[in-house]
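Notes for the one structure printed next.
Just so you know, all these numbers are worked out from the coordinates, no wet-lab data involved. Here the structure is a predicted model, which means the values were calculated and not measured. Every residue, glycine among them, receives a Cβ derived from its backbone with ideal geometry; neighbour counts consider all protein chains shown.
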Amino acid sequence: MKVELQNALFRKYPAIFKQRNYSIMESCMPWGINCGSGWYNLIDTLCGLIQHYVQDHPDSSVEAVQVKEKFGSLRFYINGGDDYVDGLITFAEAMSYLTCEQCGSTDGVTQTKGWVYTLCGQCLFERDMAQYGGVDD
């Protein structure tokens, strides 16, 4: 994710991303948010819903310990929360399969073969041109 978008999330949700200031021995968050910028809106919406829920349910505080792409899907690992928060995360992760990781488009999204990415047709074409000279993997 672009640094400016990542930092915007860190500023907007400091309690959720508290572990970004931990050492790498304590959390994976110091490595940052490891996915494409196309999922910014998914993560922003997810964090907004979590923050709103936690305000009304203080016993369900949430700290992100790792946010990344894995097998073409968003992964949002936390400490804390409850079943409701887990449901929000599951929904956001499912939506990531339908959202281009690079640009955020929901048109013509597909998962690639090999190293799995979730990309729209245009971003897949651009990736293939850059990596393989136009040949799909």
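Cross-link candidates for Lys18: which lysines have Cα within less than 17 Å, leaving aside residues fewer than 8 places away along the same chain?
Correct list for Lys18: Lys68.
Please report, in Å, the Rg and the Dmax of region 3-99, where both are computed over Cα atoms only.
12.4, 34
Counting other Cβ atoms within 10 Å, keep those with at most 10, restrict to DSSP loop, and tell me which chymotrypsin sites (Phe, Trp or Tyr not before Pro) in region 41-123 are left. Before the final figure, lay out the partial values.
Working: sites: Tyr53, Phe71, Phe76, Tyr77, Tyr84, Phe91, Tyr97, Trp115, Tyr117; in loops: Phe71, Tyr97, Trp115, Tyr117.
Hits after loop and neighbour filter: Trp115.
FRET efficiency for Thr45 and Tyr132, Cβ-Cβ distance as r, R0 = 25 Å, nearest 0.05? Provide the component values of the computation, followed by the final result.
Working: r = 33 Å, r/R0 = 1.34.
Between Thr45 and Tyr132 the formula returns 0.15.
In cubic angstrom, how much convex hull volume per residue do the alpha carbon atoms of region 90-129 span? Intermediate values should be presented prior to the final figure.
Values: hull volume 2.5 nm³, N = 40.
Once divided by residue count, the hull of region 90-129 is 62 Å³.
Where nothing but the Cβ of Lys and Arg (+1) and of Asp and Glu (-1) is charged, how large is the charge dipole of region 5-105 around its Cα centre, in debye to the nearest 20?
Numbers: 7 positive and 11 negative charges, 89 e Å.
Using Cβ point charges on Lys, Arg, Asp and Glu, region 5-105 gives about 420 debye.
Quick one: compute the contact order of the chain, relative version, from alpha carbon pairs under 8 angstrom and 6+ residues apart, as a percent.
20 percent
Suppose the chain between Ser61 and Trp31 were pulled fully straight at 0.36 nm per residue; how much longer would it get relative to their current alpha carbon spacing? Mind showing how you got there, number by number?
Details: separation 30, 0.36 × 30 = 10.80 nm, distance 2.18 nm.
Roughly 8.6 nm would be gained on extension.
What whole number of Å gives the distance from the Cα centroid of region 12-51 to the Cα centroid of region 65-121?
Answer, in whole Å: 14.
³J(HN,Hα) across region 109-121 via Karplus (A = 6.51, B = -1.76, C = 1.60, θ = phi - 60°), whole Hz, x for Gly/Pro?
6, 9, 9, 7, 8, x, 5, 7, 10, 9, 9, 7, x
Enumerate the amide H contacts of Gln66 below 5 Å, restricted to partners 5 or more residues apart or on another chain; note that Pro and chain-start residues carry no placed amide H.
Tyr77
Length gain on complete extension for the stretch Phe71 to Lys113, per 0.36 nm per residue less the alpha carbon to alpha carbon distance? Provide the component values of the computation, followed by the final result.
On the way: separation 42, 0.36 × 42 = 15.12 nm, distance 1.02 nm.
Taking 0.36 nm per residue and subtracting the Cα distance, the gain is 14.1 nm.
Antiparallel as a % of all DSSP beta bridges within the chain, to the nearest 5? Write down the numbers at each step before the final one.
Numbers: 10 of 12 bridges.
In the chain, approximately 85 percent of DSSP beta bridges are antiparallel ones.
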